[in-house]
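Reading through the structure tokens given below for one structure.
The values are calculated or read from the model by the stated rules, or taken from the named source; none is laboratory data. Every value quoted in this text rests on a predicted model; they were computed, and no experiment measured them. Neighbour counts are summed over all protein chains in view; Cβ atoms, including those assigned to glycine, are modelled from backbone coordinates with ideal geometry.
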Amino acid sequence: MASWRSAYRGILPDDYIDGALADDLIAGWQAKFTAAPEPDFVLVAESAGAATGFIAVLPEDNGTPDGRWAYIDNLHVAPGLRGSGLGRALLREAARLSCEAGLRRAYLWVFARNLGAIRFYDRLQGQATAQATRPVGGHPVAMVRYAWSDLALLSEAVSG
């Protein structure tokens, strides 16, 4: 929760971050894991029994010849640990597990105003492939889709 509040303050309205955000996140996670047709996975990093970061990946079949994708639904690192390499480590392990599951490509959506995350994905050779406006907590938010056409490239980028 601290990661969301820290990363998205100024992107999402304060009344939403300080209010309904927690309930919306809980409801969203419950819906994802009860409706998941395939095994999704969540990796959690922890230190001294406290969560310090996590990544969630959902396999998706987009119905095209290029096959199944790893949808990176969330990547969050505790505010005090950003820049520590934890996000890279989580992405590296997620890419490895995705490859083991037969996924070869990955994508995610990022808030267009989350410039720190955008710089991070640019450094990892992600390609901005689409833009959209989506409702978050009833508020329209501009988003950018980042994609990696080959998970091996993402694996190399996070290892370097």
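Here's the yes/no breakdown for (1) in contact (Cβ under 8 Å) with a residue 40 or more places away in the chain; (2) farther than 17 Å from residue 74 by Cβ:
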site	(1), (2)
93	yes, no
105	yes, yes
110	no, no
128	no, yes
149	yes, yes
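Just the residues that are modelled with pLDDT under 95, among the charged types (D, E, K, R) and more than 25 Å from residue 19 (Cα to Cα), please, taken from segment 120-137. Once the filter is applied, which keeps residues that are modelled with pLDDT under 95, among the charged types (D, E, K, R) and more than 25 Å from residue 19 (Cα to Cα), segment 120-137 yields only 123. With respect to the conditions (1) of a type in the set (A, V, I, L, M); (2) over 21 Å from residue 158 (Cβ atoms); (3) loosely packed, with under 15 Cβ neighbours inside 10 Å, residue 143 falls short on a single one, namely (3). Any residue that is surrounded by fewer than 17 Cβ atoms within 10 Å (Cβ to Cβ), at pLDDT 85 or above and either touching a Leu at 6+ places or on another chain (Cβ under 6 Å) or assigned to a loop (DSSP other than H, G, I, E, B) (or both) - is there at least one of those in segment 54-72? Checking segment 54-72: not a single residue is surrounded by fewer than 17 Cβ atoms within 10 Å (Cβ to Cβ), at pLDDT 85 or above and either touching a Leu at 6+ places or on another chain (Cβ under 6 Å) or assigned to a loop (DSSP other than H, G, I, E, B) (or both). Regarding residue 110, is this residue buried (at least 19 other Cβ atoms within 10 Å of the Cβ), of a type in the set (Val, Ile, Thr) and under 26 Å from residue 52 (Cβ atoms)? Here the answer is yes, as residue 110 does meet what is asked.
Applying the condition of being more than 17 Å from residue 44 (Cβ to Cβ) and part of a helix (DSSP H, G or I) to segment 81-118 and asking which residue is modelled with the highest pLDDT yields 118.
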